[in-house]
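Input: a single structure, listed below in structure tokens.
The values are calculated or read from the model by the stated rules, or taken from the named source; none is laboratory data. Remember, predicted model here, so these are calculated numbers, not experimental data. Cβ placement follows ideal geometry from the backbone for every residue including glycine, while neighbour counts extend to all protein chains displayed. To get the accessible areas, we keep the full protein, side chains included, count just its heavy atoms, and leave off ligands, DNA and RNA. Shrake-Rupley method; radii C 1.70, N 1.55, O 1.52, S 1.80 Å.
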Amino acid sequence: MLFFSQNSVKIAVNRLGGPTKAAHAMGVSNTSIHTWIKRQRISNIDKAKLMAKLSGLELHQLRGSL
């Protein structure tokens, strides 16, 4: 049985209206948003907290595990 984990960062970005709108709301570049999606985590705790608040997801979902 295959297990596919969901990309919580991508879900959060989509809840904010996509990468461009998320970048504006978060005060970061589009490149940062795409990097977070690719890595499936937001390493900056302050940005992760803001994304969690704006998207309605839990902080631990956006921080991932190392």
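Only residues that are in a loop (DSSP other than H, G, I, E, B) and under 9 Å from the mean Cα position of the chain (by Cα) were counted in region 5-22, giving 1.
For region 28-66, the tally of residues that are farther than 15 Å from Lys10 by Cβ and among the basic types (Lys, Arg) stands at 3. Of all residue pairs spaced 6 or more apart or on separate chains, those with beta-carbon atoms under 7 Å, a first member in region 38-66 that is without any contact (Cβ under 8 Å) to a residue 12 or more places away in the chain and a second member that is part of a helix (DSSP H, G or I) and crowded, with 17+ Cβ neighbours inside 10 Å are Glu58/Ala52; Leu59/Ala48; Leu59/Ala52.
Here's the yes/no breakdown for (1) assigned to a loop (DSSP other than H, G, I, E, B); (2) modelled with pLDDT of 95 or more; (3) open to solvent by 30 Å² or more (accessible area, probe 1.4 Å):
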| site | (1), (2), (3) |
| --- | --- |
| Phe3 | yes, no, yes |
| His24 | no, yes, yes |
| Ile33 | no, yes, no |
| Leu57 | yes, yes, no |
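Restricted to region 35-49, and to residues that are open to solvent by less than 60 Å² (accessible area, probe 1.4 Å) and part of a helix (DSSP H, G or I), which residue is nearest to Asn7 (Cα to Cα)?
Ile37
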